[in-house]
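Undergrad: Sharing a structure, written as structure tokens. Questions coming.
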Amino acid sequence: QVQFVESGGGLVQPGGSLRLSCAASGSIFSIYAMGWYRQAPGKQRDLVAGITNSGSTNYADSVKGRFTISRDNAKNTVYLQMNSLKHEDTAIYYCNADPPDFDSWGQGTQVTVSS
């Protein structure tokens, strides 16, 4: 069972950038699609970006053009570059397979966008 550890979150001002990393405890080569999810207080956990093994990506409309997902299978790591951050991007960010394996959720990393 692959487990995921997210890092790179923090406090950033509106318009700023962060790069999140997701380290897997095992190989992600065989996982067809990986995703970044986020959960804001009182809201459900939603997929914001996904990437397949071939590099095809998809994004939620709310982050399209601002976020970029990438994966390095050799390093078993998935990244999320977040630019032009907005208040509404504040959430805990998680990575997992897409669709998610419910036994593999990590602790997530908190992203807070505030002036």
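The values are calculated or read from the model by the stated rules, or taken from the named source; none is laboratory data. All values derive from a computational prediction rather than experimental measurement. Ideal geometry is used to build each Cβ from the backbone, glycine not excepted, and the neighbour counts take in all protein chains shown. Side chains included, ligands, DNA and RNA excluded: accessible areas come from the protein's heavy atoms. Shrake-Rupley method; radii C 1.70, N 1.55, O 1.52, S 1.80 Å.
Undergrad: Taking a quarter of the surface of the convex hull around the Cα atoms of segment 53-115, what do you get in nm²? Display every interim value, and only then the final one.
TA: Values: hull surface 20.8 nm².
Averaged projected area of segment 53-115's Cα convex hull equals 5.2 nm².
Undergrad: Ignoring any ligand, DNA or RNA, what whole percent of the accessible area of segment 1-70 comes from carbon and sulfur when the probe is 1.4 angstrom?
TA: Looking at segment 1-70 in its full context, I get 51 percent from C and S.
Undergrad: Follow-up. Check cross-link reach from residue 75 to the aspartates and glutamates: straight Cα distance under 16 Å, and skip same-chain residues fewer than eight apart.
TA: Reachable aspartates and glutamates: 6.
Undergrad: Can you give me the P(r) profile for the chain? Cα pairs, bins 10 angstrom wide beginning at 0, each as a whole percent.
TA: 15, 52, 29, 4, 0
Undergrad: Also, quick follow-up: Using a simple charge model, +1 on the beta-carbon of Lys and Arg, -1 on the beta-carbon of Asp and Glu, nothing else, what dipole does the chain show about its Cα centre, in debye to the nearest 20?
TA: 260
Undergrad: If the cut-off is 20 Å between C-alpha atoms, which aspartates and glutamates fall inside it for residue 86, apart from same-chain ones fewer than 8 positions away?
TA: Within reach: 46, 61.
Undergrad: Between residue 52 and residue 115, what is the FRET efficiency for a Förster distance of 41 Å, r being their Cβ-Cβ separation, to the nearest 0.05? Walk me through the intermediate numbers first.
TA: Values: r = 36 Å, r/R0 = 0.89.
That gives a FRET efficiency of 0.65.
Undergrad: Mark the label point 7 Å from the Cα of residue 39 along Cα→Cβ and return the residues of segment 55-78 whose backbone N is within less than 15 Å of it.
TA: Once the point is set 7 Å along Cα→Cβ of residue 39, nothing inside segment 55-78 turns out to lie under 15 Å by backbone N.
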